[in-house]
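The values are calculated or read from the model by the stated rules, or taken from the named source; none is laboratory data. In this text, all values refer to a predicted model and were calculated from it rather than measured experimentally. Here the Cβ positions follow ideal geometry from the backbone for every residue, glycine too, while neighbour counts run over all protein chains shown. For the accessible areas, the whole protein counts, side chains as well, though only heavy atoms, and no ligand, DNA or RNA atoms are used. Shrake-Rupley method; radii C 1.70, N 1.55, O 1.52, S 1.80 Å.
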Amino acid sequence: MKESACAYLHHDGYTLLLYRNRKAHDVNHGYYIGVGGKKEAGETVRQCIQREVREETGIVLSKEQYQYRGKLYFTYPEAEDEIIWIYTAETESQTVTDCDEGTLVWVKDEAVKEKKMWEGDRLFLQEMEQSDRIFCFELHYDEKGNLVKAVRREAEDE
């Protein structure tokens, strides 16, 4: 099972999203997602999110600046099952570098869920808006990208 970390960066009423439009055979192609990626061998999850955010955005934040928000168990027939740790962080500016994964876009917080995104992402983003509690969900998708089952699990530590 693949392990990944994902961050939603915030600055002055905006959230940074990554529009995945640069890789043809990408399970996330055409979707807006947070920034992040696969955990490497020997890396902690906090090291992973710090590295991925730096590589994809050019933003350098310390491991302590990320707030752990929850964990997802993501299943999709077209991709390897995945555990995804979700974080948020405040940035000091909106300056980002070019990303080879897609187009980075700062979106007004109230417009984030209007973007094309996985239905499960809407679920946990709403959870993060409404509460500071740590969440945990199993998100099961069919081959067309439809959310077929969302199961709330007991919150898990980082």
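Observations
- Scanning segment 91-110 for residues that are over 14 Å from residue 35 (Cβ atoms) and in contact with a Leu (Cβ under 8 Å, 6 or more places away or on another chain) yields no hits at all.
- Residue ID - farthest from residue 78 (Cα to Cα), chosen from residues in segment 1-19 that are modelled with pLDDT of 95 or more and part of a loop (DSSP other than H, G, I, E, B): 12
- Enumerated strands (runs of 3 or more DSSP E) restricted to segment 46-158, each holding at least 2 residues that are more than 15 Å from the chain's Cα centre (by Cα) and not β-branched (Val, Ile, Thr): 79-90, 135-141, 147-152
- Qualifying residue in segment 60-70 (condition: within 18 Å of residue 9 (Cβ to Cβ), polar (S, T, N, Q), open to solvent by 30 Å² or more (accessible area, probe 1.4 Å) and touching a residue at least 60 places away in the same chain (Cβ under 8 Å)): no
- Unique residue being closer than 23 Å to residue 151 by Cα, hydrophobic (A, V, I, L, M, F, W, C) and in contact (Cβ under 8 Å) with a residue 12 or more places away in the chain when the list is 89, 79: 79
- Condition check for residue 52: within 19 Å of residue 72 (Cβ to Cβ) and free of Cβ contacts under 8 Å to residues at least 12 places away in the same chain: no
- Candidates are the residues of segment 22-36 that are modelled with pLDDT of 95 or more and not aromatic (Phe, Trp, Tyr); the one that is surrounded by the most Cβ atoms within 10 Å (Cβ to Cβ) is 35.
- Residues being without any contact (Cβ under 8 Å) to a residue 24 or more places away in the chain and open to solvent by less than 60 Å² (accessible area, probe 1.4 Å) - total across segment 99-147: 3
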